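To start, the structure under review is shown below, and the notes come after it.
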Amino acid sequence: MQSTQENNKNINTSDEIDLRELLLTLWSAKVLIIAVTLLTTCAAAVYVFLSTPIYEAHVQALPPTQGGLAAYNMANQLSGSAVNALTQQPQQEQTPDNAIEALSTKDAYKVFLRHADSSSLRQAFFKNTYLAEYGSPSDEGQRQQLWKDFNKSLNIKRPQKPTDASLLTLSWQGADPQLIAQWANQYVNMAISAAQHELLQNLQSAVQLRLDSTQAQIDTLREVALIDQQSNMAQLKEALELAESIGLEDPPPSGNLITSYTGSTSYLRGAKALRAELALITSRQDHDPYLSELPNLLRTQTLLKSIDTHPSVSVATIDESATAPIDPIKPRKALVLVLGVVVGGMLGILAALLRGLFRKTA
């Protein structure tokens, strides 16, 4: 028992001696520690004050409002419910499926998000705007490096599941705060324009498709009317020949006044009536008044032609435009200086311990 206590005492004494020696070693090398700390801090300060500050500009966009799509969605009304009302079709015969699909704020915003994050838009901005700032170098290696720098400086954070409250954030980093703010706003505006152009093209295609279909139906009705005219004239000519061959100028007096002579009995109407009807049909130039389906088609065509195929359409709402940032995001001067002091102190202590170790072993 006494031996154990003596061992513990020796261990404690040894620890105290080692700690004392360590503190004495560090104290004796205080000049070295301070010198290394100052040297490291000065190096950090040189880095802070000589490195190019990098700024970051932000643009935030939200989905459009329903009012921003009102002009665009007029096409849905004019091609759907308005057609049914103007043509006075029964409820069971109305065809709402033929209406141009209405555009929701969610769908419009999806088109904008797709263009904002598309490679084609990045390449267009890089080619037309970004390269011009660097003199449009012809060397392929320089162009590829600029392309990497461009993609590194542009960051788009888009919502994973677009909803009415989905927020897109575009950030742009660079050394010129005015320029990156201008580029961030310009890029978002390009995405908005590209989305609007796509939606307007879709609208124009949808309207033109329905106009072509309606015109094709009108043309078919008129062609069928000409065919019916020729067929009717051929039948009248045969009936006239038959009536003339039997000398029947007027209908037989014994016939019923309400009898309608058609088909094989048309000759019974008499040659005089047949000649008059044949002359009338032959001189007919316009068949439209006799086409019962034509008025509704013409009304539909008029409504389709009244659709504005270049309406205003909102695909996004700019929640916050980019402004020139004042404070750089890097380097963080205070943090770098603090790290310089901490790292310098650690290196100084390490150097002091190594020097003391070498002296002890020498």
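The values are calculated or read from the model by the stated rules, or taken from the named source; none is laboratory data. Note that the structure is a prediction, hence the values are computed from the model and not measured. Neighbour counts are summed over all protein chains in view; Cβ atoms, including those assigned to glycine, are modelled from backbone coordinates with ideal geometry.
Considering only residues in region 283-323 that are of a type in the set (A, V, I, L, M) and within 34 Å of the chain's Cα centre (by Cα), the one that is surrounded by the fewest Cβ atoms within 10 Å (Cβ to Cβ) turns out to be ILE318. Flag not set for PRO177, criterion: touching a strand residue (DSSP E or B) at 6+ places or on another chain (Cβ under 7 Å), at pLDDT below 90 and surrounded by 13 or more Cβ atoms within 10 Å (Cβ to Cβ).
For (1) touching a strand residue (DSSP E or B) at 6+ places or on another chain (Cβ under 9 Å); (2) free of Cβ contacts under 8 Å to residues at least 40 places away in the same chain; (3) among the aromatic types (Phe, Trp, Tyr), each residue gets a yes or a no:
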site: ALA116; (1), (2), (3): yes, no, no
site: ARG122; (1), (2), (3): yes, yes, no
site: PHE125; (1), (2), (3): yes, no, yes
site: SER136; (1), (2), (3): no, yes, no
site: PRO159; (1), (2), (3): yes, no, no
site: THR169; (1), (2), (3): yes, no, no
site: ALA184; (1), (2), (3): yes, no, no
site: HIS197; (1), (2), (3): no, yes, no
site: LEU200; (1), (2), (3): no, no, no
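Exactly one residue out of SER166, SER136 is more than 24 Å from LYS330 (Cβ to Cβ), of a type outside the set (Val, Ile, Thr), modelled with pLDDT under 90 and more than 21 Å from the chain's Cα centre (by Cα): that is SER136. Can THR220 be described as buried (at least 16 other Cβ atoms within 10 Å of the Cβ) and either touching a Pro at 6+ places or on another chain (Cβ under 7 Å) or assigned to a helix (DSSP H, G or I) (or both)? No.
Across region 82-131, the qualifying residues are those that are among the hydroxyl-bearing types (Ser, Thr, Tyr) and part of a helix (DSSP H, G or I), and the one among them that is modelled with the lowest pLDDT is THR87. Checking each residue in region 145-159 for being polar (S, T, N, Q) and within 15 Å of ALA124 (Cα to Cα) picks out only ASN151. Hey, can you tell me all the residues within region 15-53 that are of a type in the set (Ser, Thr, Tyr), part of a helix (DSSP H, G or I) and either over 15 Å from GLY348 (Cα atoms) or at pLDDT 75 or above (or both)? Within region 15-53, THR37, THR40, THR41, TYR47 qualify. So, LEU280, is that one surrounded by 15 or more Cβ atoms within 10 Å (Cβ to Cβ) and assigned to a helix (DSSP H, G or I) or not? The answer is no for LEU280. Give the residues of region 203-217 that are surrounded by 15 or more Cβ atoms within 10 Å (Cβ to Cβ) and over 30 Å from TYR290 (Cβ atoms), sorted by residue number. Matches in region 203-217: LEU203, ALA206.
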